[in-house]
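Enquirer: Structure provided below as structure tokens; questions to follow.
Values quoted throughout were computed directly from the atomic coordinates according to the rules given, and no laboratory measurement underlies them. Worth saying up front: this structure is predicted, and the values here are computed from it rather than measured. Glycine also receives a Cβ, built like all others from the backbone with ideal geometry; neighbour counts cover every protein chain displayed.
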Amino acid sequence: MTDNDLSKLKIDKSAWRGAVKRPTGRAVRVVLILAAVALGVFGVRHFFPSAAEVETTAVSQVYPSQGVTLLNSSGYVTAQRKASVASKTTARLIWLGVEEGSRVRQGEIIAKLEQDDVLAARDRAGANFKASQAEIDRAQSELTDASQNLERMKTLLAGKIIAQADFDTALARFQKAQAGIEAARWTSGSSSAALRESAANLSYTQLQAPFDGVVLTKNADIGDIVTPLGAAANAKASVVTIADMLSLLVETDVSESNVTKVKAGAPCEIMLDALPGERFPALVHMIVPTADRTKASVLVKVKFQTLDPRVLPEMSAKVAFLSRALTEAERAPRLAVPAAAVVEQGGRKVVFQVTDGVARVVPVETGGAIGDFLELASGPKAGDRVVLHPPAGLRFGARVTAKK
């Protein structure tokens, strides 16, 4: 092979250098930016993993009665003695001595109606009664005179001094006097009844409290017409509504399927929406012996063991029917957490407390079970959020977000 042939096998480097261009500064910057973005994504995912979605719950105050509750229902506080005070006559209201919240005693006059016509009727009845009494006295005198005259006529007739006709006249006068006094007595009785009627009508113009209680509503004002039927457009059928606060019960509907769990005299606990931090011991007062077909329920009346002056009619209430009576120590609330939030880790019981989206392990000491809750002797405070059903891979410092 000649030198010319060998020269053909050499690579022409000059031609290759012309074909390959050096990267420009802009291309280098693009490459570096892409590499930084890829490294950043990797770093965020590695060092800052995405937040785990967990279910959270609050540490709360739980009443021990929840562990012995058979049934819960809702209802309202009602007064068993309640009256709308009105009049049997139609008249104008001229005086009202109470307002909402006023406490009244039985027989106390709380309102007055106009009574001029009633007073006039009473005076007329009184005058008629006095006239009837005077008529009795006159008839009595007439009877006495007729009786004495008849005795004289009997003596004269026996001596044949007078004729039989004169004696018959004296006898008729005596009998007429007897009838006259009888009629006078009946007239007096009628006048006496009329006087009592006028006195009763006068009492109807003075409205009295039927029992000890509290005024719930004021239905009429001075100047209003009060009538028994309220037939007129501007008439009032009652002046005030009064309730006996010692007769307050909670009426609640219990479904027919659960009514067998309720027994008369069984222990209960009442919770009022107006007093959320308190529970009132109670007993089943009565199971009304009829069902409501529209709601498929039975009305149950629950009685407070001790009435609180803050309890008012028509307050909404919840009733817990208990399997047994509570001890005094069981009436106070206990700090508790759902049992599903407590797990064992490293031979100890812990919960995962969530603070600012981060879960941290908090050791706890638990007491007895209260329904689905465990009493906490130590650990988080009331209101702290903890993870419910913690996932197996959850660790201290993990970022979490609450499920909606």
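Enquirer: Explain nothing, just compute: Karplus ³J(HN,Hα) = 6.51 cos²θ - 1.76 cosθ + 1.60, θ = phi - 60°, for every residue of segment 242-252 in order, whole Hz, x for Gly and Pro.
Expert: Coupling constants for segment 242-252: 10, 10, 7, 6, 7, 9, 6, 10, 9, 9, 9 Hz.
Enquirer: By Kyte-Doolittle mean hydropathy of at least -0.5 and Cα axial length of at least 15 Å, which whole DSSP H helices of the chain are selected?
Expert: Working: long enough: 25-47 (32 Å, 1.57); 116-158 (63 Å, -0.63); 164-204 (60 Å, -0.32).
The answer, listed by residue number, is 25-47, 164-204.
Enquirer: May I pose another question? Kindly list the residues of segment 236-275 that lie in the label zone of I287, defined by a backbone N under 17 Å from the point 7 Å along the Cα-to-C-beta vector.
Expert: Answer for this model: 251-269.
Enquirer: How far apart, in nm, are two points set 7 Å out from the Cα along the Cα-to-Cβ line at D224 and at R310?
Expert: 3.2
Enquirer: What number, rounded to the nearest 500 deg cm²/dmol, is the helix-based mean residue ellipticity at 222 nm of the chain, given -39500 (n - 2.57) per DSSP H run of at least four residues and division by all its residues? Before the final figure, lay out the partial values.
Expert: On the way: 5 runs with 120 residues, N = 404.
My calculation for the chain gives -10500 deg cm²/dmol from helical runs alone.
Enquirer: To the nearest 20 debye, what charge dipole does the chain have about its Cα centre, counting +1 at the Cβ of each Lys and Arg and -1 at the Cβ of each Asp and Glu?
Expert: So the magnitude is around 2560 debye.
Enquirer: Would you pull out the residues with amide H under 5 Å of R395's amide H, same chain only if 5 or more places away, H placed 1.01 Å from N?
Expert: For R395, no residues qualify.
Enquirer: Can I ask one more? Given springs between every Cα pair under 10 Å in a Gaussian network model of the chain, which of P267, P363, P289 has the largest fluctuation?
Expert: P289
Enquirer: Given N residues in the chain, what is its alpha carbon radius of gyration divided by 2.2 N^0.38 Å? Don't jump to the answer; show the numbers that get you there.
Expert: Details: Rg = 49.4 Å, N = 404, 2.2 N^0.38 = 21.5 Å.
Against the empirical 2.2 N^0.38 Å value, I get 2.29 for the chain.
Enquirer: Can you give the FRET efficiency for I94 and R152, using 1/(1 + (r/R0)^6), R0 = 56 Å, r = Cβ-Cβ distance, to the nearest 0.05?
Expert: Details: r = 63 Å, r/R0 = 1.13.
The formula returns an efficiency of 0.35 here.
Enquirer: Using every Cα-Cα pair within segment 116-204, state what percent have a distance larger than 23 Å. Could you put the intermediate results ahead of the total?
Expert: Working: 1749 of 3916 pairs.
Cα-Cα pairs in segment 116-204 separated by more than 23 Å: 45 percent.
Enquirer: Distance check, please: which entries in K261/K404; K261/K303; K318/K381 exceed 25 angstrom between their Cα atoms?
Expert: On the way: K261/K404 36 Å; K261/K303 17 Å; K318/K381 27 Å.
Correct reply: K261/K404; K318/K381.
Enquirer: Using +1 at the C-beta of Lys and Arg and -1 at the C-beta of Asp and Glu, which of A320, V259, T294 has the Cα lying farthest in the positive direction of the dipole of segment 230-366?
Expert: Highest projection toward the positive end goes to V259.
Enquirer: Straight-line reach from K154: which aspartates and glutamates fall under 12 Å, measuring Cα to Cα and dropping same-chain residues less than 8 apart?
Expert: Here the aspartates and glutamates satisfying the reach criterion relative to K154 are D166, D168.
Enquirer: Mind checking the full-extension length gain between A296 and S378? Use 0.36 nm per residue of separation minus the Cα-Cα distance, one decimal, nm. Write out the running numbers ahead of the final one.
Expert: Working: separation 82, 0.36 × 82 = 29.52 nm, distance 4.57 nm.
So the extension gain works out to 24.9 nm.
Enquirer: Going 7 Å from the Cα of A199 toward and past its Cβ, which residues in segment 106-140 have a backbone nitrogen under 12 Å from where you end up?
Expert: Within reach of a label on A199: 126.
Enquirer: Out of A131, N149, A179, whose Cα points farthest toward the positive end of the dipole of segment 116-204 (charges: +1 Lys, Arg; -1 Asp, Glu; placed on Cβ)?
Expert: So the residue furthest toward the plus end is N149.
Enquirer: More than 20 Å apart: what percent of Cα pairs in segment 262-404 qualify? Don't jump to the answer; show the numbers that get you there.
Expert: Working: 6269 of 10153 pairs.
Here the long-distance tail beyond 20 Å is 62 percent of all Cα pairs in segment 262-404.
Enquirer: Still on this structure: With charges only on Cβ, +1 for K and R and -1 for D and E, what is the dipole size of segment 116-204 about its Cα centre, in debye, rounded to 20? If you can, show how the numbers build up before the last one.
Expert: Details: 11 positive and 12 negative charges, 56 e Å.
Approximately 260 debye in magnitude.
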